[in-house]
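The values are calculated or read from the model by the stated rules, or taken from the named source; none is laboratory data. Remember, predicted model here, so these are calculated numbers, not experimental data. Neighbour counts are summed over all protein chains in view; Cβ atoms, including those assigned to glycine, are modelled from backbone coordinates with ideal geometry. Only protein heavy atoms, including side chains, enter the accessible area calculation; ligands, DNA and RNA are left aside. Shrake-Rupley method; radii C 1.70, N 1.55, O 1.52, S 1.80 Å.
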Amino acid sequence: MSKNQPKTIYLKDYKKPDFSIEKTQLTFELEDEYTLVTSTLSIKREQAGQPLRLHGQELELVSVKVAGRLLSQEEYDQDDEFLTVADVPDVFEFECVTKIYPQNNASLEGLYKSNTMYCTQCEAEGFRKITYYLDRPDVLSEFTTTIIADKKQYPVLLSNGNKIQEEKLVDGRHKTVWHDPHLKPCYLFALVAGDLIHIDDHFVTASGREVLLRIFVEEKDKKKCAHAMTSLKNAMKWDEEVYGREYDLDIFMIVAVDDFNMGAMENKGLNIFNTSCVLAAQETTTDEAFQRVEGVVAHEYFHNWSGNRVTCRDWFQLSLKEGFTVFRDAEFSADMGSRTVKRVEDVSLLRSMQFAEDAGPMAHPVQPSSFIEISNFYTLTIYEKGAEVVRMIHTLLGPELFRKGSDLYFERHDGQAVTIEDFVAAMRDVSGRDFDQFMNWYRQAGTPDLRVTSKYDEEQKTYTLNFKQSCRATSESAEKKPFHIPVAMGLLGEAGALPLKCDGVVSPETNDNTHCVLEITEAEQSFTFENVQECPVPSLLRNFSAPVKLRYRYSRDELLTLMSRDEDGFCRWDACQELAIQVIQEVMTELTTEPAPSVDEKIITGYKRLLTDETLDPAMVALMLKLPSEGYIAELQTVADMDLIHHARARVERKLAVALKDEFMSTYLRMNEQTEFAVDSASIARRSLKNAALHYLMVHASAEHVELCKEQFYTANNMTDEYGALKAIVHSSKASLKDLKQEVLESFYAKWKHEPLVVNQWFAVQSTAPIPETNKTVNELLTHEAFDLKNPNKLRALIGGFSMRNPICFHDKSGSGYRFLGEQIRKLNSQNPQVAARLLTPLTKWKKFDEGRQKLMLAELQKIEQLPDLSKDVYEVVTKSIHS
Ligand code: B3K
Ligand code: ZN
């Protein structure tokens, strides 16, 4: 534990800054052993009578000057967190020199080294590890940055804004000066120094300005930038067309680094990316990773407006920029590829991961009211649920009013640091709607349960839907106020969609009257539709119009109807999921009493239709064939029995594989026709269905299927197919494949060991294999030559893959999975607290399991809690999960 007991910070305590910093001039002298940072700030007092208190962490202070005068040690105070100067004028220049050691910085926060290159990560509070500063997002300043370094080792020196000066110095050193004309908070500051090459392109903005687009990578990765560049240009165009937002500097730069705590960072004009989110090539990158590159490039670019031009007042407003930007990037990806597929993927993630977060000890509102360490709040709730909340506003307003609202928001607050309330006020002001109740989505944690019942009155020809909402108590609110829930819906009759007539209900989205949005605002509420000529099947929560757990007792025939006939793609997929859940749950009940319970034939009928109807979108079929994740099924149980879930799910999968063997084979062959490789949605769709079919074929793993899979593995011309086949073999439960598994793993590693991102896939395929050997394998892989405890991508692939994406092995009742994770967290705690705290997540869910597992998980948490040097990040997660 660091010297002081970590403090909780509260939103209610927010106060405006005491000083402003008009100009920030930084000089970095990069030496082999250390870096010297000279910071010159033009400071102005904003509140009378306050001392100057600057944030600083792990800094060696060399000197401090106020108004040109060097201060003696008696004139300032220095502790773990602050530099305080009691007596300062109202307007003055402040200069301080600090010495830092980037080469020893393993936290990957502040200035650090990734391989031979210097780079920075300042969000949220990393700038204070560089120099003393008012490290808070509501202090906006104009930055000028000078970098001095050895020219041979670091020929490229970058910072935010435009390059204004370059100079050759003595002793083989050189100097570059950058100036950023846009005011920004220090969390958007960036610096890069390294031996990098770049690829260039251009974009002409709607108003005719030419922008230079430049991606910096290591020489060996030169050929892997084209996809990121295309994605960037598409994103720039899309933001002009959909939001009317143009780029505002002459140059936009992206730099790829190997060691990075997350996906990427939106520093003004100089985005820094994890290599995994920028590099892509046919041979080395799966389709999923190609799409991730597109999404992340767009996300970071979109932040230029939603985050940089208009930023957050304080970190409690994090979702103001993250939720909105995720919504923007999701819509962009939907427009670039398949809208329904994107939606289904996002909802699957939300339901299996965010719902679990909302149900666990770290549950927090989209606008949290307190935190200990802000790094722990870059969560699925802030990002994904935050995006769902913005999506609901979009649904309630419709696209045109929403656009008016975003225009007003950007115009009103350009150059300011604002709050979630300001965003919603702009939406309110353009629409005249009342958002008071809607704010509960931002202020209350937990996933609402929405129970729906229906009643058809044959005589009156009316159909009534009754909704009851409830939400579990969470730490910030024991008694929940009702949420304002938009439920998009329609009614299906024998011959198709039925016209809807319901008092007070209008559809903001369509002109026809077969689709509408019901607005639930009360704890219990009913809607009666008139003139309904037959008892319909309700199609509810279309496009997943609200992040709720909807419960309606559909019969299996109704689900088959929705699956094949609903006009809403999301509801077709969801009906298929619901059918599978019902069938798996039935098998779970019977598995406890019978050795070989039967599997309802209805699911076979439904899946057969999917496989034989060649008019369906292959991507949708692939998604529908995928049974609900074990994580999502666990979410639906009070006490999660991972063994039972795993075996019941596997039994249903086997049943489908056996009953539809021929259909899977013909689907595989139909999708396997050779075409030129492309990364468009049609090609991605074909590959996804082909590999989904291969997965089912490998459940049999007869000689013929194994041959087919081997053939795909050895002859694939792209990573999606190569990895698909590798995974089908390595994840197989067939003992007879033992030698083949070893063969393909060795061959894959030998082929790709020079490609770190592919090696990560190799780690992941082993750590996520749902087979008993995995618990031993992951321990062995820790000492593999390619594993590196300092590289977050490797940690995520091996440790994260095992603990977050392999529930059956992680929850092994011996506790070996828990011990493995506990040990790794204890190693990582002081080295990289951010990543350690994140990897800890699976242990925090201990209350969800049986008593035996609870004890084992808790024991690991307690061992972590006992660490003598517990970081603030891990402290917060571990104590909240043990004691709440
Ligand atoms: N804003 C960054 C995340 C920073 C995380 C700091 N621990 C990336 C993004 O969301 O775009
Ligand atoms: Zn973001």
Item to check | Yes/no for LYS99 being of a type in the set (Lys, Arg) and crowded, with 16+ Cβ neighbours inside 10 Å | outcome: no
Checklist entry - Out of all the residues in region 61-94, which are closer than 15 Å to THR131 by Cβ, within 39 Å of the chain's Cα centre (by Cα) and either of a type in the set (Asp, Glu) or open to solvent by 50 Å² or more (accessible area, probe 1.4 Å) (or both)? => result GLN78, GLU81
Checklist outcome for this item: Picking from ALA728, ALA692, the residue that is in contact with a Lys or Arg (Cβ under 8 Å, 6 or more places away or on another chain), closer than 16 Å to MET671 by Cβ and modelled with pLDDT of 95 or more would be ALA692
Checklist entry - Is at least one residue of region 209-228 touching a strand residue (DSSP E or B) at 6+ places or on another chain (Cβ under 8 Å), of a type in the set (Lys, Arg), modelled with pLDDT of 95 or more and in a helix (DSSP H, G or I)? => result yes
Checklist entry - Right, PHE324: more than 16 Å from ligand 2 (Cβ to nearest atom), among the aromatic types (Phe, Trp, Tyr), in a helix (DSSP H, G or I) and within 23 Å of VAL242 (Cβ to Cβ) or not? => result no
Item to check | Filtered residues of region 176-225 (kept if basic (Lys, Arg) and open to solvent by 50 Å² or more (accessible area, probe 1.4 Å)) | outcome: ARG209, ARG214, LYS220, LYS222, LYS223
Item to check | Which listed residue, of GLU345, GLU384, GLU388, GLU357, is closer than 29 Å to ARG551 by Cβ and touching a Lys or Arg at 6+ places or on another chain (Cβ under 9 Å) | outcome: GLU357
Checklist entry - If only one of MET353, MET336, MET362 is more than 10 Å from ligand 1 (Cβ to nearest atom), open to solvent by 10 Å² or more (accessible area, probe 1.4 Å) and within 19 Å of SER231 (Cα to Cα), which one is it? => result MET336
Item to check | Condition check for GLU331: more than 14 Å from ligand 1 (Cβ to nearest atom), open to solvent by 10 Å² or more (accessible area, probe 1.4 Å) and not β-branched (Val, Ile, Thr) | outcome: yes
Next on the checklist: Can you say whether GLN824 is under 22 Å from PHE260 (Cβ atoms) and either within 16 Å of ligand 2 (Cβ to nearest atom) or at pLDDT below 95 (or both), as far as the supplied structure shows?
Outcome noted: no
Checklist outcome for this item: Restricted to region 771-786 and to residues being in a loop (DSSP other than H, G, I, E, B) and more than 28 Å from the chain's Cα centre (by Cα), the residue farthest from ALA640 (Cα to Cα) is GLU785
Item to check | Members of region 833-846 found to be touching a helix residue (DSSP H, G or I) at 6+ places or on another chain (Cβ under 7 Å) and not hydroxyl-bearing (Ser, Thr, Tyr), listed by number | outcome: PRO833, GLN834, VAL835, ALA836, ALA837, LEU839, LEU840, PRO842, LEU843, LYS845, TRP846
Checklist entry - Just for helices (runs of 4 or more DSSP H) wholly inside region 601-669: which have at least 1 residues that are out of contact with any Pro (no Cβ under 6 Å at 6 or more places or on another chain) and charged (D, E, K, R)? => result 601-612, 630-635, 642-659
Item to check | Residue tally, condition near ligand 2 (Cβ under 9 Å from one of its atoms) and open to solvent by less than 10 Å² (accessible area, probe 1.4 Å), over region 285-317 | outcome: 4
Checklist entry - Can you name the number of the only condition in (1) more than 15 Å from ligand 2 (Cβ to nearest atom); (2) surrounded by fewer than 24 Cβ atoms within 10 Å (Cβ to Cβ); (3) part of a helix (DSSP H, G or I) that SER231 fails? => result (2)
Checklist entry - Which condition does HIS754 not pass, out of (1) assigned to a helix (DSSP H, G or I); (2) surrounded by fewer than 19 Cβ atoms within 10 Å (Cβ to Cβ), if it passes all the others? => result (1)
Item to check | Any hit, region 247-266, residues being in a helix (DSSP H, G or I) and more than 16 Å from ligand 1 (Cβ to nearest atom) | outcome: no
Item to check | Members of region 449-472 that are over 13 Å from HIS484 (Cβ atoms) and open to solvent by less than 20 Å² (accessible area, probe 1.4 Å) | outcome: VAL452, TYR463, LEU465
Next on the checklist: Taking the conditions exactly as written (of a type outside the set (S, T, N, Q) and buried (at least 19 other Cβ atoms within 10 Å of the Cβ)), does LEU697 satisfy them or not?
Outcome noted: yes
Checklist outcome for this item: Picking from ASN779, ASN775, the residue that is in contact with an Asp or Glu (Cβ under 8 Å, 6 or more places away or on another chain), open to solvent by 20 Å² or more (accessible area, probe 1.4 Å) and not hydroxyl-bearing (Ser, Thr, Tyr) would be ASN775
Item to check | Exclusive hit being in contact with a strand residue (DSSP E or B) (Cβ under 9 Å, 6 or more places away or on another chain) and surrounded by 13 or more Cβ atoms within 10 Å (Cβ to Cβ), set GLN47, GLN57 | outcome: GLN57
Checklist entry - Restricting attention to region 298-324, which residues are near ligand 1 (Cβ under 9 Å from one of its atoms) and farther than 13 Å from PHE410 by Cα? => result HIS299, GLU300, LEU318, GLU322
Next on the checklist: Looking only at residues that are open to solvent by 50 Å² or more (accessible area, probe 1.4 Å) and part of a loop (DSSP other than H, G, I, E, B) in region 386-443, which one is nearest to VAL242 (Cα to Cα)?
Outcome noted: ASP414
Next on the checklist: Suppose we filter PHE527, PHE570 for residues that are crowded, with 17+ Cβ neighbours inside 10 Å, part of a strand (DSSP E or B) and in contact (Cβ under 8 Å) with a residue 60 or more places away in the chain; which single one remains?
Outcome noted: PHE527
Item to check | region 253-267: number of residues that are within 16 Å of ligand 2 (Cβ to nearest atom), of a type in the set (Asp, Glu) and under 15 Å from SER107 (Cβ atoms) | outcome: 0
Item to check | Selection status of GLY446, farther than 13 Å from SER306 by Cα and open to solvent by 10 Å² or more (accessible area, probe 1.4 Å) | outcome: no
Checklist entry - Is at least one residue of region 248-260 touching a residue at least 12 places away in the same chain (Cβ under 8 Å), within 30 Å of LYS15 (Cβ to Cβ) and not assigned by TED's automatic domain parsing to the domain that holds GLU345? => result no
